[in-house]
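The values are calculated or read from the model by the stated rules, or taken from the named source; none is laboratory data. Computed from a predicted structure; not experimentally measured. A quick note on method: Cβ atoms are made from the backbone with ideal geometry, for glycine too, and the neighbour counts reach across all protein chains shown.
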Amino acid sequence: MKQFDSEYIGRELTEIGIRVKKPIRIYLIGGCAMSFRGLKETTKDIDIVFKSKRDYEAFCDALFGAQYFEPVVIRAEHGKLNATRMYENKDGFHLDLFLKRVCMKMELSKGMEGRAEFHKQYGKMAVCLVSKEDIFLFKSLASERRKRDMSDMRALYSNLDWKLVKEELLSQRLSGELIELVIRRLEEFKTTYDLDVPLLDDLKKPMKG
């Protein structure tokens, strides 16, 4: 699958941003945010979360002029994302758009919004990168078939604030099934890289804060 670097992504955001007609703010939560932070060289797509329907609709309105379209055939790996909407361009660069909640699992919370770092202004579009801790959390909730997320989690691991990660998990009030998913993913991560994951012990017992 084709991969795209931060320079390419920046050009695409510029093309979209100049077509946005009203001030909006978007939040990048995955590999693209890592690329802009210098933690990953390339990514295959952008995962974008919008806090309001107004911002989401203004962004979508700008995509046609920037030559993005909704793919007729959605690849299997994207088909299970439960994204609000998906777009591609002629290069095969993919946009996964989420309104407030990502993959019907975790919401872009007030805490995440407050921790997000302003990256750049593209026309009337402000682009923010969620924190390393929050990217790590989103990736820990990804499908267990997405093995490539493990290497991303490894790149994010250094100097993570585990207390913050735990507090965000508590605030999300995830179902027991999703907590079990996080436990399995973190256990796989620990085994794969032989690294300590302080959060695991807390997750394996009732989390009371």
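Figure legend. Inter-residue proximity from the range 35-57: first residues more than 18 Å from SER109 (Cβ to Cβ) and in contact (Cβ under 8 Å) with a residue 12 or more places away in the chain, second residues aliphatic (A, V, I, L, M) and outside any strand (DSSP E or B), beta-carbon distance below 7 Å, spacing 6+ or different chains. Indicated pairs: SER35/ILE9; LEU39/ALA155; LEU39/LEU156; LYS40/MET34; LYS40/ALA155; LYS44/MET1; ILE46/ILE9.
When the criteria are applied in full, LYS132 meets the requirement of being within 30 Å of GLU41 (Cβ to Cβ) and of a type in the set (D, E, K, R).
Return yes or no: is ARG184 modelled with pLDDT of 90 or more, in a helix (DSSP H, G or I) and loosely packed, with under 13 Cβ neighbours inside 10 Å?
For ARG184, the condition - modelled with pLDDT of 90 or more, in a helix (DSSP H, G or I) and loosely packed, with under 13 Cβ neighbours inside 10 Å - is met.
Would you confirm whether any residue within the range 21-44 is more than 15 Å from ALA126 (Cα to Cα), assigned by TED's automatic domain parsing to the domain that holds GLY92, in a strand (DSSP E or B) and within 12 Å of the chain's Cα centre (by Cα)? Within the range 21-44 (the criterion being more than 15 Å from ALA126 (Cα to Cα), assigned by TED's automatic domain parsing to the domain that holds GLY92, in a strand (DSSP E or B) and within 12 Å of the chain's Cα centre (by Cα)), the answer is yes, since at least one residue qualifies.
The single condition among (1) closer than 25 Å to ASP5 by Cβ; (2) out of contact with any strand residue (DSSP E or B) (no Cβ under 6 Å at 6 or more places or on another chain); (3) at pLDDT below 90 that LYS90 does not satisfy is (3). For the residues SER175, SER158, the requirement of being under 16 Å from MET106 (Cβ atoms) and of a type in the set (S, T, N, Q) singles out SER175.
Screening the candidates VAL127, VAL197, VAL165 for the property of being in a helix (DSSP H, G or I), buried (at least 17 other Cβ atoms within 10 Å of the Cβ) and among the β-branched types (Val, Ile, Thr) yields one hit, VAL165. For ARG145, the criteria (1) basic (Lys, Arg); (2) outside any helix (DSSP H, G or I); (3) surrounded by 13 or more Cβ atoms within 10 Å (Cβ to Cβ) hold in every case but one, which is (3). Scanning the range 108-124 for residues that are part of a loop (DSSP other than H, G, I, E, B) and under 15 Å from the mean Cα position of the chain (by Cα) turns up LEU108, SER109, ALA116. The single condition from (1) over 19 Å from SER140 (Cα atoms); (2) surrounded by fewer than 18 Cβ atoms within 10 Å (Cβ to Cβ); (3) at pLDDT below 90; (4) under 16 Å from the mean Cα position of the chain (by Cα) that LYS80 fails is (1).
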